[in-house]
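What follows is a set of notes on a single structure, which appears directly below.
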Amino acid sequence: MENLLRRKPLVKIVVHRFSLPIISFLVWFGVNQLVASPLNDRVRPLADKHQKINLAEFYSALESQDTIKLNSFLHILEHDSASYARGYTGALLMKKSGLIKSAKEKLSMFKQGKTLLEDAIKKENKNAEFYFLRLIIQENCPAFLKYQDNMKEDADAVKQMYKKLSPALKQAVMNYSKTSKALKASEFPTVGQ
């Protein structure tokens, strides 16, 4: 009886030293494909060529009060150091800061997001999308944060560079201009032009 208890298992599982990274990549790649469809032409490639941000979905998440949507985009952007990722992450963090309960966490998250977005603007000062993101945040954040200094500059930059924007970004600008104080829908041609 003791011999039966000491027996070796019939099947020995061998884990190759490379199997965990391969499995991790396959899981990551599969999840990423669910988030960003390659058939959608309104996506922004990030530094990692496998990851893409759907601009329409990004702006929908930024507009929403849904922390799950915000967190899913933050997760995608988490390990990407490209300036686009830094700018998007900054805007998402500032938006998310308004949705959490702890005042200390709100302020900390807002400052972290502000730093990321401001750094992205400094690195790519000709990128109208970053000015647009900052304008959205500045128009909607509480006045006590004292983050309203660049609204005119940002609105002017978006107006000047509007014709060079992608159709998805033009649509986001048009949608936002319907409620914005700094941007008016009448200042922009229709999206198809």
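For this structure, a couple of remarks:
- Within the stretch 152-168, one or more residues are in contact with a Gly (Cβ under 9 Å, 6 or more places away or on another chain) and open to solvent by 40 Å² or more (accessible area, probe 1.4 Å).
- Reported count of residues in the stretch 44-58, each being aliphatic (A, V, I, L, M), buried (at least 18 other Cβ atoms within 10 Å of the Cβ) and at pLDDT below 85, is 2.
- Tabulated pairs, the stretch 169-180, first closer than 15 Å to GLU57 by Cβ, second among the aromatic types (Phe, Trp, Tyr), C-beta under 6 angstrom, 6+ apart or interchain: ALA172/TYR59
- Selected residue (only one of LEU116, LEU74, LEU99 is under 19 Å from MET151 (Cα atoms), open to solvent by 20 Å² or more (accessible area, probe 1.4 Å) and out of contact with any Phe, Trp or Tyr (no Cβ under 6 Å at 6 or more places or on another chain)): LEU116
- From the options MET109, MET161, residue that is of a type in the set (A, V, I, L, M, F, W, C) and either in contact with a Leu (Cβ under 6 Å, 6 or more places away or on another chain) or more than 20 Å from GLY90 (Cβ to Cβ) (or both): MET109
- Boolean, ASP149 is within 18 Å of PHE130 (Cα to Cα) and open to solvent by 30 Å² or more (accessible area, probe 1.4 Å): yes
- Residue check for ALA61: part of a helix (DSSP H, G or I), over 18 Å from GLU187 (Cβ atoms) and modelled with pLDDT of 95 or more: no
- Qualifying residue in the stretch 131-145 (condition: within 17 Å of the chain's Cα centre (by Cα), acidic (Asp, Glu) and either modelled with pLDDT of 95 or more or not in a loop (DSSP other than H, G, I, E, B) (or both)): no
- Among residues that are out of contact with any strand residue (DSSP E or B) (no Cβ under 6 Å at 6 or more places or on another chain), open to solvent by 40 Å² or more (accessible area, probe 1.4 Å) and either among the hydrophobic types (A, V, I, L, M, F, W, C) or under 18 Å from GLU63 (Cβ atoms) (or both), GLU124 is not included.
The values are calculated or read from the model by the stated rules, or taken from the named source; none is laboratory data. As the structure is a computational prediction, the values presented were derived from the model and not from experiment. Glycine also receives a Cβ, built like all others from the backbone with ideal geometry; neighbour counts cover every protein chain displayed. To get the accessible areas, we keep the full protein, side chains included, count just its heavy atoms, and leave off ligands, DNA and RNA. Shrake-Rupley method; radii C 1.70, N 1.55, O 1.52, S 1.80 Å.
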